[in-house]
Amino acid sequence: MGKGLSKTLFQVENLFCERDERILFEDLSFNISSGEIVQVEGQNGSGKTTLLRILSGLSNNFEGDLYWQGEPLADVRDDYKRQLLYFGHHPGVKAILSPEENLRWYVAMHPGMRANSIADALDKVGLSGFEDVPCHTLSAGQNRRVSLARLYLSNARLWILDEPFTAIDKKGVAEKEQLILDHANKGGSVILTTHHELAMGDKVRRLNLDEMAGT
Amino acid sequence: MSENKKWMPRWFYQLASPRWSYEIMGKLLPGFAVAATLLLIGGIIWALAFAPEDYQQGNSFRIIYIHVPSAILAQSCYMLMAVAGAIGLIWKMKVADMVAKSCAPIGASIAILALATGAIWGKPTWGSWWVWDARLTSMLILLFLYLGVIALHSAIESEATAAQSSAVLALVGLVNIPIIKYSVDWWNTLHQPATFTLTERPAMPAEMWVPLLIMVIGFYCFFAVSLMMRTRNEILHRERRSSWVRELIEKR
Amino acid sequence: MEQILTNERSDSAENTLMGLFWAVLKRDLMLAYRKKSDLFNPLVFFLMVATLFPLGVSPEPDFLAEVAPGVVWVAALLATLLSMDSLFRSDFEDGTLEQTLLSPQPLFVIVLSKVLAHWMMSGLPLTLLAPLLGVMLFLPAEGMSGLMLSLLLGTPTLSLVGAIGAALTVGLRKGGVLISLLVLPLYIPVLIFGTSAVQAAVTGLPLAGFFALLGAMLALGVVMAPLAIAAALRISVSG
């Protein structure tokens, strides 16, 4: 799959966004190529989460153009959604469902996924033995692991991860970093925010919102 | 610019510019203001002093010269609000959002005026201040719809989200208005078979309906004036950090 | 990577749509079953409101029999309204609503399925409970079938329209009161025809016309409301 490496997957042009009378970013343009890992940096309140929500298509309060594989995002939204995995502030885990039920629902929402690998994915995030207990009996870190198990199920090309390592232990972080690297090596792209020092730091392109805001 | 935008006329895109809209409304305002003043004063004098008395109700019927135009206007205002909201929703046009936002309080006040005049008219006609007459009930529900839009708009802090949400609600209301009207009319015939409403009478002599028509047009002009003033204020408020608004303020 | 994608999407579209509909319905019913208070509170409220009328106005059987259709319908309407706020709120709070909006599956189907699940947990039990209220309020026996049928046809419309309000206010902390303001005026046609159907049943007038009207409103609601709900959800999550 090496041939697609330099191909631009996602393109952002002249992005402008203001929130509560404050301009978060202006004239923000960048590309994400296949096989690239982009880390969005910035102080608290610099708009990292807002940017990721805009890129995912959740937020439409912005001006500017987004392109997915060269096409305007609005024209290819269905295809984009099929190839996107978004991990947000809220893990998207129902407290009164078990980890397995949560993932089963997620698979139903994403027809490209394989339901038979759910047990496998839960095993990989260290939740085997917890498949059938309600998620509200699990710890915060375990709940986030349930959500991170989606990374093992997904065929998505673009991963948008907002603080994926919060409340995850060291071993877990190392495993997820490896997973992200593997994904990039297979030609997928990742855009993430995190406060962790990444061990894979040298393979990551950094995008600093504080510098880009300029003014 | 993508393909589907090309067929829209040019003025449509100019409307999208707050500055252009602000200026064009500034030019239109005086004309409408003069027309509204002349029509309303002329219409009132004609209606109150020269139009003939009603053979059944005497002079009390003259309140229709306020009641009917406000009732008509309250309905068209809702329609305008919903259409402007839809334009804002589909084309992300800020000015349309501002027009929709400005419509709501004006429409609500006009609906209140229609209800108040209806109630005052009801006292000599039916002998009580309030009657569950089909028109009055529909107007009351229309007022509720306005209040819902206003409440939703003020509950949402983000200006953009508030505009979009209210637009959806206004459109839902627009679809529902005919259903509500039909159901209320039907309900009314069931419960009050012999209601007497003046405006439904087929033959109204010209001396009566011409001043009414003048009042209706006058009300529309007045509405245009207040809508443009409100929208202009809204534009200034929302664009207060842009350079052209700052220049405008410095000039004063 | 792309190979996997094409292999997995071989199911026929109809099959997956029905599958999606059932998956969402099953999940929401399971959630409601595990959190029973959401199921019972509107029913208890329904009973209580109906009790207030004899206490507040008059326990006279003749009077109660006359107002019973309206009272039961108003109580059902308020109980539905009460249950509406929870429809999207927990999904919004734990982030599953975001995931729903980001899924490639058609939102129209998901929303319709969620509203159906909500109705099965609110409107349907209300309909089944209604005869009890009818008895308490001395509704003549001839009116019972009319009452239940009109509620059966009318409450899904209430759920659909109420869901628009729920979707519009899901991002707001104090959504509950606001929903009532937004939605109550839109409930009026259903209330009018629902009550009239019961009154007609009591007096022995033909009923088909009322049910046709209630059915027409339901059909319109099924087609139009999910569009508005989907748009409102996108706006609420975006804001």
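Read the figures in this text as sums done on the coordinates, not as results from a lab. Computed from a prediction, not measured in an experiment: that's the story for all the values here. Note that we place each Cβ from the backbone using ideal geometry, even for glycine, and neighbour counts take in every protein chain shown.
Just a few scattered comments:
- Using the alpha-carbon positions of region C:80-139, Rg (one decimal) and Dmax (whole number) come out as 15.9, 52 Å.
- Per residue of peptide B:93-99, the mean number of Cβ atoms on other chains within 10 Å of the residue Cβ is 0.
- Label zone at C:Tyr33 (point 7 Å along Cα-to-Cβ), backbone N below 12 Å, region C:72-112: none
- A Cβ-based charge dipole, computed about the Cα centre of region A:8-62 with Lys and Arg at +1 and Asp and Glu at -1, lands at about 200 debye.
- Label-to-label distance, nm, for residues given as B:Met204 and B:Leu28 (7 Å Cα→Cβ offset): 2.7
- Stokes-Einstein, applied to the Kirkwood radius of region A:3-68 over Cα pairs at a viscosity of 1.306 mPa s and 10 °C, places its translational diffusion at 126 µm² s⁻¹.
- For chain C, hydrophobic long helices are taken as DSSP H runs at least 15 Å long by C-alpha position along their axis with mean Kyte-Doolittle hydropathy of -1.0 or more; these are C:13-34, C:36-56, C:61-84, C:107-121, C:123-136, C:141-169, C:175-203, C:208-238.
- Prolate/oblate/rounded label for region C:167-239 (Cα gyration tensor, a/c 1.5): oblate
- With the simple spin-label model, which puts each label point 7 Å out from Cα in the Cβ direction, the A:Arg205 to B:Asp54 separation comes to 7.6 nm.
- Net charge of Cβ neighbours under 15 Å - reference B:Arg238; Lys, Arg +1; Asp, Glu -1: +2
- Alpha-carbon Rg with Dmax, taken over region B:12-114, Å: 17.8, 54
- P(r) histogram, all alpha-carbon pairs of region A:87-155 included - 5 Å bins from 0, percent: 3, 20, 34, 27, 13, 2, 0
- Take each residue of peptide A:188-201, count the partner chain Cβ atoms within 10 Å of its Cβ, and average: the result is 0.
- Scattering curve values for the protein assembly as shown, log₁₀ I(q)/I(0), Debye with Cα scatterers, q = 0.06, 0.07 Å⁻¹: -0.45, -0.60
- Of all complete DSSP H helices in chain B, those with a Cα span along the helix axis of 27 Å or greater and a mean Kyte-Doolittle hydropathy of 0.5 or more are B:18-45, B:64-91, B:94-126, B:134-155, B:159-191, B:206-238.
- Classified by the C-alpha gyration tensor, chain C has a prolate form. Its axis ratio a/c, with a ≥ b ≥ c, is 1.5 or above, and a/b is larger than b/c.
- Region A:71-215 - share of DSSP beta bridges that are antiparallel (%, nearest 5): 0
- Residues B:Val34, C:Val115 arranged by fewest to most Cβ contacts within 10 Å: B:Val34, C:Val115
- Other protein chain Cβ atoms within 10 Å, averaged over every residue that makes up C:177-188: 6
- Cα shape, region C:124-209, gyration tensor, a/c 1.5 rule: prolate
- Of all DSSP bridge pairs formed entirely within the protein assembly as shown, close to 50 percent run antiparallel.
- Whole-number D in µm²/s for chain B (Stokes-Einstein; Kirkwood sum over Cα pairs; 25 °C, 0.890 mPa s): 122
- In region A:137-215, inverting the average of 1/r over every pair of distinct C-alpha atoms gives 13.8 Å as the Kirkwood radius.
- With Cα atoms as the point set, the radius of gyration and Dmax of region B:96-145 evaluate to 13.1, 44 Å.
- Least to most buried among B:Tyr55, C:Tyr187 (fewest other Cβ within 10 Å first): B:Tyr55, C:Tyr187
- Residue among B:Ser166, B:Cys103, C:Gln105 farthest towards the positive dipole end of the protein assembly as shown, charges placed on Cβ: B:Cys103
- Protection proxy ranking for B:240-247, A:129-136, C:172-179, C:226-233, using the average of other Cβ atoms within 10 Å per residue and placing the highest first: C:226-233, C:172-179, A:129-136, B:240-247.
- Figure legend: label point modelled 7 angstrom from the Cα of A:Thr166 along Cα→Cβ; residues of region A:52-67 with amide N under 15 Å from it are A:52-53.
- Mean separation of Cα contacts under 8 Å (6+ apart) over length of region C:13-238, as relative contact order %: 26
- Protection proxy ranking of A:27-36, A:182-191 - average other beta-carbon atoms within 10 Å, highest first: A:182-191, A:27-36
- Likely footprinting exposure, B:Ile24, C:Ile164, fewest C-beta neighbours within 10 Å first: B:Ile24, C:Ile164
- Over chain A, the hull volume per residue, using the convex hull of the C-alpha atoms, is 126 Å³.
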